[in-house]
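Since every read-out is calculated from the coordinates, none of them should be taken as a lab result. Being a predicted model, the structure only gives us computed values, none of them experimental. Positions of Cβ are backbone-derived with ideal geometry, glycine not excepted, and every protein chain shown enters the neighbour counts.
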Amino acid sequence: MSEAEFTNETVELSTAQKKSRRARNLAVAFCLIAFILILFFGTMAKMSSVMEASGA
C-alpha cells in the first residue's frame, strides 16, 4: 500500500455551500437543544411525581 502524500491544497466553498453548511449546523444545534430540553423536563416531571408520592 502506498502512503498518501501531503499537499498544501485547500478547497474553497462556494457561497451556496457555505449557506447550506450553516443551515445544517443550525438544524443540528436546534435538534440537540430540543433533545436536551425534552430530557430535562421529562426528568423534572418524573422527580416531581416521585416527590408527591413520597409525601415530601
Here the chain gives, from Cα atoms, an Rg and Dmax in Å of 23.4, 70
Go through segment 6-13 residue by residue and turn each phi into a ³J(HN,Hα) via Karplus (6.51, -1.76, 1.60, θ = phi - 60°); whole Hz please, and just put x for glycine and proline.
7, 10, 8, 7, 10, 10, 9, 7
Among 40-52, 6-18, how do they line up from the highest to the lowest mean number of other beta-carbon atoms within 10 Å?
40-52, 6-18
Starting from 0.36 nm per residue, how many nanometres of slack lie between I36 and S54 once their C-alpha separation is accounted for?
3.8 nm
Quickly estimate the mean residue ellipticity at 222 nm for the chain, helices only: each DSSP H run with n ≥ 4 gives -39500 (n - 2.57), and the total goes over all residues, rounded to 500.
-26500 deg cm²/dmol
Can you work out the Karplus-derived ³J(HN,Hα) for every residue in segment 27-37? Use 6.51 cos²θ - 1.76 cosθ + 1.60 with θ = phi - 60°, whole Hz, and x for glycine or proline.
5, 5, 4, 4, 5, 5, 5, 4, 4, 5, 5
Quick check for me: using +1 on Lys/Arg Cβ and -1 on Asp/Glu Cβ, what's the dipole size of the chain about its Cα centre, in debye to the nearest 20?
400
